Amino acid sequence: MSAQPFRLASGGLIDRGHQLEFSFDGTSYRGYAGDTLASALLANGVRLVGRSFKYHRPRGILSAGPEEPNALVELRSGARREPNSRATVVELFAGLAASSQNRWPSLAFDLLSLNGLVSPALVAGFYYKTFMWPASFWEKLYEPLIRRAAGLGRAAGAEDPDHYEKAFAFCDVLVIGAGPAGLSAALAAGRSGARVILCDEDFRLGGRLLAERREIGGRPGSEWLAATLAELASLPEVRIMPRTTVFGLYDHGVYGAVERVADHLPEPPAHQPRQRGWRIHARRAILAAGALERPIVFAGNDLPGVMLAGAVRSYVNRHGVLPGRESVLFTAGDDGWRTARDIAAAGGRVAAIVDSRPDDPARKALADKIGARLFAGGAVLRARGGRQLRAVTIRDASGAVTELACDLLAVSNGWNPTLHLTSHQNGKPAWNEELHCFVPAALPAGLAVAGSAAGRFTLAQALEDGARLGREATAEAGLAAKPAEPTLTTDPETNGLSPVWRVSGGKGKAFVDYQNDVTDKDVELAAREGFRPVEHLKRYTTLGMATDQGKTSNLAGLAIMAEQTGRTIPQTGTTTFRPPYTPVAIGALAGHHRGKDFRPVRLAPTHEWSKEQGAVFVEAGPWLRAQYYPKPGETDWLTTVNREVRAVRSSVGLCDVSTLGKIDIQGADAAEFLERVYSNGWKALPVGKARYGLMLREDGFVMDDGTTSRLGEQHFLMTTTTANAGKVMQHLEFCHQVLWPELDLRMVSVSEQWAQAAIAGPKARETLRGVVDPEHDLSDAAFPYLAARAVTVGGGIPARLFRISFSGELAYELAVPADHGDAMMRGLMQAGAAFGITPYGTEALGVLRIEKGHVAGNELNGQTTARDLGLGRMMSSKKDFIGRLMAGRAALLDQDRPALVGFKPAEPGQRLRAGAHFIGIGRSAEMANDEGYMTSVAYSPHLNHWIGLGLIRGGAARIGERVRAYDPVRNGDVVVEICSPVFVDPEGARLHG
Amino acid sequence: MAETATSPTAIAWVPRGAWSGSTRAGSFGAEGVSGIIATLLGGFGLATLIAGTGGASSLSQAVERRLGIVLPATPRIVRGQTHDAIWSGPEQWLLRAASRDGWSALLGELAAHAAVSEQSDARAALRLSGSQVRKVLAKGVMLDLHPAAFAVGDAALTSIAHVGVQLWRLPDGPDGPVFEILVARSMAGSFWSWFSASAAEFGCTVTAG
Amino acid sequence: MRITCPHCGARDAQEFSYLGAADPKRPDGMAASAAAMAEYVYQRDNPAGRHRELWYHGAGCHAWLVVTRDTRTHAIAAVEVAKARKAGAAAKVGAKA
């Protein structure tokens, strides 16, 4: 382990007393608390950190921030391995293990860098051109090759062991960015008592103040920063959120943010999430996200050692790292000179300053002071080196060429405002000719932009904007702003700029988009081939489509296209952005909702009892329902289900039906309402009776069914299917509130209040007798089929008893308050023990109903009418109801529409499959011969063969006919006979026990 | 067929509360701290009251006469000696009784003035207090619960982690802010999964109320 | 997106579900024509701009709301309670029990 050869002896915002050991590609290094992975690598002289996407070119560290296109690394190992982490924003921690990605077999010796030699084949559009023919080669040859050659790291491939959270916040003023503008804004708003949230993606607040040597109010900027942070921390309504990126702006003042709670730790501390996804609701927001520096396009501009000039200042001033021994500055404006000055101040050597602008005596004097050779009106033609920068070729104003050895080239070409959020709602930025950049134009409601993000690049402007907008936002949020404080003075600065988009004439590739390996030649090719509009340019060359979203490349691409087509930049197009500003882990968006918590699960009040009985559960809508109850020794579900079905038909079975939707409907117009929402009639239903009801959608198709009971003259209890409970409630509320608000009607869901069990089979009444209090007469005469009445159980516990049957057997449904649901099941088991009472699940329930030809979810599939299902008689002709007119459309009355019938295999041993399509015997299996499909099948232990329900053209008129049930997916092709859908007890004798 | 079977009295009708199977008294999360105190509530009476068209004032008078509380017209909870009324939608309230003594008789009386639906077993109820209670709620509640925005007595119907809830704020107690939450009984387990994950970092003590 | 429920206050859009245009009136009663019903069920304007539409506050007070929204910007100009609207065609035709 070596010392840190590029670390300055002093300075920087690092804790030199706190050394951190870390590794990169298996080699151990040391850095300090306060380092990023990038600054620590640079301090150790590690400059080659990755290989490029397409050509596998050696790449280093370009920037010091979120815009980094090159230094993408994998962090950690095992299940926590995370690819594509930008080393420039990774906070160093002890034990951090990072590795380079997209190289094979090693970073230094990458065989695939030969891609660079065959690069003519890999130019823009190469996917479309090169690999088109023959088509079969694509899957087998081209794609696997390209996948190996081009990549972006490896996902962990194992379940993420960490957890993530969502959180919601509300504030008067959201300040995005904690540089000088954001801090001023937060302070101005916070002092007025506003609820302020201040977010910054960095782990240390201060923005560019951390990277620059500036003065505010006659003191070092760091003193102002410390005082401001201390005051903000003292304000109770100001919440400061470091490590939090505001990544998106949404409608009505809603902002998305991700807080990296534990990314800076080896693993999250106990009970802490890895990341937290925030939804922030802000009355007003101030975007103070600063600006991103722009590179220059020239040959070899991607070599490790070529860096943005502002990034160099960050490493020197913030991290105490001088990223090179021998520096050259290539600048198009005043800002770059600050880098030369700071390198010199830190004791570094600046060999040359190449300024694209003409000679200027003041600049000459400054260059002399720094000790650098000045190339005024010059340009860097080319950067050279193997795996890192060794020399630059400079062309001076006269055209003469000079070669200078160096290992650091700082490039300065002005800054682009970080205005991304202003365009998340389609806002187009506007080109500013004086500033040579796009600036925010039309702003989303509630958002203001301060400082560099608005193109106001000086420190004085940032402070002034922040203070002013902070006060304005306070006032707009309805609070009294404190009077303005005097504007703070700063040391003078100038920002003269004459941007250089590219330097032609150097030998070698000149990169526009580093991350996607898009060169200036690719943009020229796009121009030649007619892909000139910016959206075409982007898609043809993939410029700006990498994970960095073109933060360092979009403008240069536009500028080169403008030059190629003889237009200006604004004529060529604008850059717009969509969320997220930087990549966001899916985990942070999902929060708690993954795995078994993906969505809420509803459990019946009898769930624990079912578990004890050994139930296998199945998802039914949001519910977990008992599917079947295997007994020891039963290894096949069909054996279990057959036993359960036989028990119901021969003695008595018990099934939880708590999951059905239950809606309490009361009011003088309750019966009238049911008349309108159900297709059948309700007014004549006596109190104490239940009736089967069919509900249509307004377009005439069946929506739901269930039994509804009249508990009182003006009181009904409706049941819905388990799956449709929520939908039906919403529909009924619509019918009442929107269609017929004049009806006197009161509805509320009571689904959760009642536990309900079906007791079915010849011994159902006797079983029930053991549970229902003795004063209630359950005889057939006193409690006939379809009776529905209040009873009591357990000596006075209120209960409801319904004599309804889905199985065709003598059956009841007993409902008790949910707290007693568990006891009800135990009581029924006890009462039915003498009859061998058998719990049954949804599978047996399905078999029983298919044996009786009752329709359920498979038939109520949104494509069937009452007539299709043989329920045409349930459509009253005496009253209006939802769906009446549309159900009468000619096409829906067509005799040829598939209608419900039963099916049985021609050879009894054969298995039927739901989903099989019906085709006439002897006809070929093609769509033209399709006659319908099987909706439900079951093995009937009663008949000892498979049975099915299905929809077939002509329906009941074809009973006795044979057709093919064709199921190519499961290799099924069975001859079936069309029969009545009622397979068991067609006379209905069993209902009466 | 003769009605000869087990005697009803032989069945033990042991009630099972809404939180059974989801959680129990104890503590979880960060050790040595108790930023959250969760009290599982049970034994209360709960019913939906819906006034008929134009019937709100008759209902309100009946409730006031009988229980001494005025039905709130906005999303609030009005608390009385033994009964609370919580706004649950336009012309709709939840009536909560501290105990179920006389409960069905009371509902019978009120049925003359409103549609009354028994809901005593339909909700799992929880009281949350402690210094960190707003931080936990911020992980699920999409409402501004700042003391200035959500005053004592304010109530809301909303959702937490895709589970429908009704919640309200009670006067601050010795442990800090106090909220009560009603959750659909069937989703008590899913709610608790969210709650326990969210409260763990603050340390949580669970007691049965 | 946020919708200010007249009963519950400003809430995130995920508490609501969307139905569609608020103004088509159901042609109630036995005298209604199939053509009028087809129009009611299927014919909708698709304006770029102001749109009156129905939203259901399913995660809140269960009220159906009429939201006036600009389909281009999502700016919401008004939110009314659907039930409070003057009863539509139904009131004229609907015969009570």
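The values are calculated or read from the model by the stated rules, or taken from the named source; none is laboratory data. Note that this is a predicted model, so its numbers are computed, not measured. When we count neighbours, we look across all protein chains shown, and the Cβ atoms used for this are built from the backbone with ideal geometry, even at glycine.
From A:Ser936, A:Ser877, grab the single residue that is out of contact with any Gly (no Cβ under 8 Å at 6 or more places or on another chain) and either free of Cβ contacts under 8 Å to residues at least 24 places away in the same chain or farther than 14 Å from A:Gly954 by Cβ (or both).
Among A:Ser936, A:Ser877, only A:Ser877 is out of contact with any Gly (no Cβ under 8 Å at 6 or more places or on another chain) and either free of Cβ contacts under 8 Å to residues at least 24 places away in the same chain or farther than 14 Å from A:Gly954 by Cβ (or both).
Every residue in region A:539-551 that is touching a residue at least 12 places away in the same chain (Cβ under 8 Å), of a type outside the set (A, V, I, L, M, F, W, C) and either closer than 14 Å to A:Ala510 by Cα or surrounded by fewer than 24 Cβ atoms within 10 Å (Cβ to Cβ) (or both), please.
A:Tyr540, A:Thr542, A:Thr547, A:Gln549 - these are the residues of region A:539-551 that are touching a residue at least 12 places away in the same chain (Cβ under 8 Å), of a type outside the set (A, V, I, L, M, F, W, C) and either closer than 14 Å to A:Ala510 by Cα or surrounded by fewer than 24 Cβ atoms within 10 Å (Cβ to Cβ) (or both).
Is it the case that region A:712-725 has a residue that's within 8 Å of another protein chain (Cβ to nearest Cβ) and either buried (at least 21 other Cβ atoms within 10 Å of the Cβ) or under 39 Å from the mean Cα position of the chain (by Cα) (or both)?
Within region A:712-725 (the criterion being within 8 Å of another protein chain (Cβ to nearest Cβ) and either buried (at least 21 other Cβ atoms within 10 Å of the Cβ) or under 39 Å from the mean Cα position of the chain (by Cα) (or both)), the answer is no, since none of the residues qualifies.
Assess whether B:Gly43 counts as being out of contact with any His (no Cβ under 9 Å at 6 or more places or on another chain) and either within 11 Å of another protein chain (Cβ to nearest Cβ) or more than 24 Å from B:Val165 (Cβ to Cβ) (or both).
yes
Could you list, in sequence order, all residues of region B:124-148 that are at the interface with chain A (Cβ under 7 Å from one of its Cβ atoms) and either touching a residue at least 24 places away in the same chain (Cβ under 8 Å) or farther than 17 Å from B:Ala200 by Cβ (or both)?
B:Lys139, B:Val141, B:Met142, B:Asp144, B:His146
Residues C:Ala82, C:Ala22, C:Ala34: which one is of a type outside the set (Lys, Arg) and without any contact (Cβ under 8 Å) to a residue 60 or more places away in the chain?
C:Ala34
Going residue by residue through region B:188-208, is there one that turns out to be assigned to a loop (DSSP other than H, G, I, E, B) and more than 10 Å from every other protein chain (Cβ to nearest Cβ)?
Within region B:188-208, not a single residue is assigned to a loop (DSSP other than H, G, I, E, B) and more than 10 Å from every other protein chain (Cβ to nearest Cβ).
Would you check which residues across region A:258-284 are crowded, with 20+ Cβ neighbours inside 10 Å, part of a loop (DSSP other than H, G, I, E, B) and within 12 Å of chain B (Cβ to nearest Cβ) and list them?
Listed by number, the residues that qualify are A:Val261, A:Pro273.
For (1) surrounded by fewer than 17 Cβ atoms within 10 Å (Cβ to Cβ); (2) within 13 Å of the chain's Cα centre (by Cα), each residue gets a yes or a no:
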| site | (1), (2) |
| --- | --- |
| B:Ser20 | no, no |
| B:Arg24 | yes, no |
| B:Val33 | yes, no |
| B:Leu40 | no, yes |
| B:Gly45 | no, yes |
| B:Gly52 | no, no |
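Since A:Ala626 meets every condition but one in (1) crowded, with 20+ Cβ neighbours inside 10 Å; (2) over 28 Å from B:Ala47 (Cα atoms); (3) within 38 Å of the chain's Cα centre (by Cα); (4) within 14 Å of chain B (Cβ to nearest Cβ), which condition does it not meet?
(4)
Given the options A:Leu225, A:Leu209, A:Leu205, name the one that is at pLDDT 95 or above, of a type in the set (A, V, I, L, M, F, W, C) and within 34 Å of the chain's Cα centre (by Cα).
Only one candidate qualifies: A:Leu205.
Taking B:Gly89 as meeting all but one of (1) in contact with an Asp or Glu (Cβ under 8 Å, 6 or more places away or on another chain); (2) at positive phi, write down the number of the exception.
Among (1) in contact with an Asp or Glu (Cβ under 8 Å, 6 or more places away or on another chain); (2) at positive phi, the lone unmet condition for B:Gly89 is (1).
For region B:171-205, how many residues are farther than 22 Å from A:Trp623 by Cβ and without any contact (Cβ under 8 Å) to a residue 24 or more places away in the chain?
Counting residues in region B:171-205 that are farther than 22 Å from A:Trp623 by Cβ and without any contact (Cβ under 8 Å) to a residue 24 or more places away in the chain gives 4.
Looking for something part of a loop (DSSP other than H, G, I, E, B) and within 15 Å of A:Pro417 (Cα to Cα) - is there at least one such residue anywhere in region A:458-472?
Scanning region A:458-472 turns up at least one residue that is part of a loop (DSSP other than H, G, I, E, B) and within 15 Å of A:Pro417 (Cα to Cα).
Kindly indicate which of B:Val116, B:Val70 is touching a helix residue (DSSP H, G or I) at 6+ places or on another chain (Cβ under 6 Å), farther than 20 Å from B:Leu182 by Cβ and either surrounded by 22 or more Cβ atoms within 10 Å (Cβ to Cβ) or away from every other protein chain (no Cβ under 12 Å) (or both).
B:Val70
Of all residues in region A:753-767, count the ones that are outside any strand (DSSP E or B) and within 12 Å of another protein chain (Cβ to nearest Cβ).
7
Can you tell me how many residues in region A:896-909 are more than 15 Å from A:Ile978 (Cβ to Cβ) and in contact (Cβ under 8 Å) with a residue 60 or more places away in the chain?
1
Can you tell me which residues in region A:880-903 are buried (at least 19 other Cβ atoms within 10 Å of the Cβ) and farther than 17 Å from C:Glu39 by Cβ?
Selection gives A:Phe881, A:Pro898, A:Ala899, A:Leu900, A:Val901, A:Gly902, A:Phe903.
Residue by residue through region A:610-619, note down the ones that are farther than 12 Å from A:Lys631 by Cα, more than 9 Å from chain B (Cβ to nearest Cβ) and of a type outside the set (Ser, Thr, Tyr).
Once the filter is applied, which keeps residues that are farther than 12 Å from A:Lys631 by Cα, more than 9 Å from chain B (Cβ to nearest Cβ) and of a type outside the set (Ser, Thr, Tyr), region A:610-619 yields A:Phe617, A:Val618, A:Glu619.
All but one of (1) away from chain B (no Cβ under 11 Å); (2) crowded, with 23+ Cβ neighbours inside 10 Å hold for A:Phe783; state the number of the condition that does not hold.
(2)
Could you look through region A:792-839, keep only residues that are at the interface with chain B (Cβ under 9 Å from one of its Cβ atoms), in contact with a strand residue (DSSP E or B) (Cβ under 6 Å, 6 or more places away or on another chain) and small (Gly, Ala, Ser), and pick out the one that is nearest to B:Ala124 (Cα to Cα)?
The extreme case among them is A:Ala818.
Give the residues of region B:155-175 that are of a type outside the set (Gly, Ala, Ser) and either within 14 Å of chain A (Cβ to nearest Cβ) or buried (at least 20 other Cβ atoms within 10 Å of the Cβ) (or both), sorted by residue number.
Across region B:155-175, the qualifying residues are B:Leu157, B:Thr158, B:Ile160, B:His162, B:Val163, B:Val165, B:Gln166, B:Leu167, B:Trp168, B:Arg169.
B:Gly52 versus (1) more than 12 Å from chain A (Cβ to nearest Cβ); (2) touching a strand residue (DSSP E or B) at 6+ places or on another chain (Cβ under 7 Å): which is the lone unmet condition?
Single failed check for B:Gly52: (1).
Looking at A:Asp744, A:Asp773 in this structure, which one is charged (D, E, K, R), over 43 Å from the mean Cα position of the chain (by Cα) and assigned by TED's automatic domain parsing to the domain that holds A:Ala815?
A:Asp773
Surrounded by 15 or more Cβ atoms within 10 Å (Cβ to Cβ), facing another protein chain (nearest Cβ under 9 Å) and part of a loop (DSSP other than H, G, I, E, B): is that true of C:Ala59 in this structure?
Yes: the conditions hold for C:Ala59.
Within region A:629-639, is even one residue over 40 Å from the mean Cα position of the chain (by Cα) and assigned to a strand (DSSP E or B)?
No - not one qualifying residue is present in region A:629-639.
Going by what's in this entry, would A:Ala588 be described as more than 9 Å from every other protein chain (Cβ to nearest Cβ), touching an Asp or Glu at 6+ places or on another chain (Cβ under 9 Å), small (Gly, Ala, Ser) and surrounded by 16 or more Cβ atoms within 10 Å (Cβ to Cβ)?
Judged against the criteria, A:Ala588 is a match.
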